[in-house]
Structure formats: structure tokens, C-alpha cells
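Beneath this line is the structure, given in C-alpha cells, with notes to follow.
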Amino acid sequence: MQLSNYHSHCTFCDGRSNPEDFVRFAIAKGFRAYGFSSHSPLPFETNWNMSAIDMPEYLQEINRLRQKYADRLEIYTGLEIDYLDKTYNASIPYFQELPLDYRIGSIHFLPISTELKEANMVCIDGSFNDYAHSVERYFEGDIRKLVRHYFETTQQMIEAGGIDIIGHIDKIYMNGQKYALFDPEQDWYRKPFEDCLDLARQHQLMVEINTKNLLKKDELYPRKNYLTHIHQLGIPVMVNSDCHYPDLVNDGRTQAFQLLKEAGFTTTRELVNGHWEDLPID
């Protein structure tokens, strides 16, 4: 089992501790590699995204840690970059010109206007009350319409490019599953999701196995029953904890690797000396 993590958040965004604390916990857990992926700057300020003004310090601090702990841990610099629309995503020059080791593409917000400000965003990763309010206000109370829009936007993100990894690819179900109508086995959910996976394969992207809620809620992103399909498509994966607290750097890893083995996976994709390699699970 590879001890690595490429999706984590520190005090440069909404993480609860400074980067060095995460490094120390990773070393204590016996990690080989650790990557930081702060929530990227947005065209508007939020409580959980980093500000563009802090980017130079972020890059400098991770590089300092890389040098300080070089004999004990491979440390990598990444970002979790929101896809908003064709004008703001990982493919724009601002993100492509940053000296990053990798870029995670994720969707947390769905714009309901071409004016990109927080008031015009549907947040799919917040409280259920806010989520439900958005379904009523913008999607005629029909969860299927929100799901369709989410996966259509995911496909747009993949087509736009500029990313290496797709983050929590189906997190729309975290709140969506609380609707009585919600059924991920129905074509209205399954077909657009599988279209996203097919597109990810075509663009040779990696899909993370996100364990943030695996132990707390028994939720994996992507859902457990899609792991076999992802394996059959030949999509490379890695296990990421999406941790915001240092003591959770390894949260759910053992369980996720067992699920991967049961789905037929024999390798995960890992950064080794700065290059992506497929390493054996065992």
C-alpha cells in the first residue's frame, strides 16, 4: 500500500493547521510522498479559497519544506483548482504559468450567471439547507436537473484541460442522496457520470479516490460500486484523504486500498522523483 497523499489543505486556504504540521504527521505515519493542494484563488473571495496575494508565500513555503525534509519525504506543490466556466479554470495562463507539480480539477461551485461572484454560485459542497435552497430556486426543485448540470460542467472541465487529476468526481451525491428521488443507478444519474469517466479516459486523466468521508459517513468519491467500472476503463487512480487536519493525512487509506483490490486494481499512480509512475498496491 502506497503511503502518499496529493490532496490536502493547510492554513493557506481552509485547512486547520500550517503546512509543516502536515509534513510532520506524514513522516510520523511513514509516508513516502506528500502533496499540498490548497483551494485555488477565485475571481471572488471566500472563506475557504486562498487569495491570489498569498500565492508567492504558498509556493515559497512548500519549497522550503521540500528542501528541509528532502531526506525523509518527497514533498510536492499542487493546487485544487475550481472550474467555474470557460473563462476561469485550470487551463487559463495564470494557473498554467505557476510552478506546480500537478493540478487537481474540481467543482465546488456552479455559476448561475456570467458574472462570477459568490452570490451567483450554487455551492454543491456546503450545507444541505443551502444545497436544497439552490435546487428549489434554480433547478425547479428537481435534483435530476442539478445532477445533469453538474456532470455537464464536469465534462466541460475535462475538455478545457490544464489538469492532471479529477477531484471528488461525483461529490454531487453527498447532498443529493438526501432526496427521496435520488437513485444513482438510474440512467439520469449513471449515464452522464459514465460519460465523464469515458471523457477522463480519452484525455488520459487520473481520478482520485477521495476518502475524506469514508470513515465518517461511509462515502467514497467516486462511489464504491463504480470502482470496478473505472478499473475496466483503465483509468489510473490514487488514494487521497483530502485532509484539512494533520491527524487525518492517512484517514481511510487502508479501507480504500482494500476496495481497490476488490475492484481489480493492482497499481496506483504516484509521483516518484517528480514523475508519475504506476506502483504496485501490495
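None of the figures in this text is laboratory data; all of them are computed from the coordinates on show. Since the model is a prediction, treat every value here as computed from it, not as a measurement. All Cβ positions, glycine included, derive from the backbone under ideal geometry; neighbour counts span all protein chains shown.
Projecting the Cα atoms of HIS39, THR228, ILE166 onto the dipole axis of the chain, where Lys and Arg carry +1 and Asp and Glu carry -1 at the beta carbon, places THR228 farthest toward the positive end. Note on the chain: dipole from Cβ charges, positive end direction compared against TYR131, SER241, ALA263; the farthest Cα belongs to ALA263.
Label segment 1-148 by shape, choosing from rounded, prolate and oblate, from the square roots a ≥ b ≥ c of the eigenvalues of the Cα gyration tensor; if a/c is under 1.5 it is rounded, and otherwise prolate applies when a/b is larger than b/c, oblate when it is not. Intermediate values should be presented prior to the final figure.
Numbers: a/c = 2.52, a/b = 1.89, b/c = 1.34.
Verdict is prolate for segment 1-148.
For segment 40-105, the relative contact order comes to 27 percent (Cα pairs under 8 Å, sequence separation of at least 6). As a rough footprinting exposure proxy, the listed residues LEU205, LEU181 were ranked by other beta carbons within 10 Å of their own, and the order from fewest upward is LEU181, LEU205. Bridging of LYS117 to aspartates and glutamates at a Cα separation below 17 Å is possible for GLU45, ASP82, ASP85, ASP125, ASP130, once same-chain residues fewer than 8 apart are set aside. Antiparallel beta bridges, as assigned by DSSP with both residues in the chain, represent about 30 percent of the total such bridges. Projection of the Cα convex hull of the chain, averaged over all directions and equal to a quarter of that hull's surface, yields 13.6 nm². In a reduced charge model with +1 at each Lys and Arg Cβ and -1 at each Asp and Glu Cβ, the chain shows a dipole moment near 500 debye about its Cα centre.
Compute the relative contact order of the chain as a whole-number percentage, counting only Cα pairs closer than 8 Å that sit 6 or more residues apart in sequence.
Values: 513 pairs, mean separation 55.4, N = 282.
Relative CO of the chain lands at 20 percent.
Counting only DSSP H runs of at least 4 residues, each contributing -39500 (n - 2.57), and dividing by the residue count of the chain, the helix-based mean residue ellipticity at 222 nm comes to -10000 deg cm²/dmol. Annotation: lysines with alpha-carbon distance below 26 angstrom to LYS191 (same-chain offsets under eight excluded): LYS86, LYS145, LYS171, LYS178, LYS212, LYS217, LYS224, LYS261. When each of GLU57, GLU270 is scored by the number of other beta-carbon atoms lying within 10 Å, the sequence from fewest to most is GLU57, GLU270.
For the peptides 226-234, 91-99, residues were scored by their other Cβ atoms within 10 Å and the scores averaged per peptide; the highest-first order is 226-234, 91-99. Using Cβ point charges alone (K and R +1, D and E -1), the dipole size of segment 141-282 about the Cα centre works out to roughly 400 debye. For a straight C-alpha distance cut-off of 12 angstrom, the aspartates and glutamates reachable from LYS68 (same-chain residues fewer than eight places away being disregarded) are GLU20.
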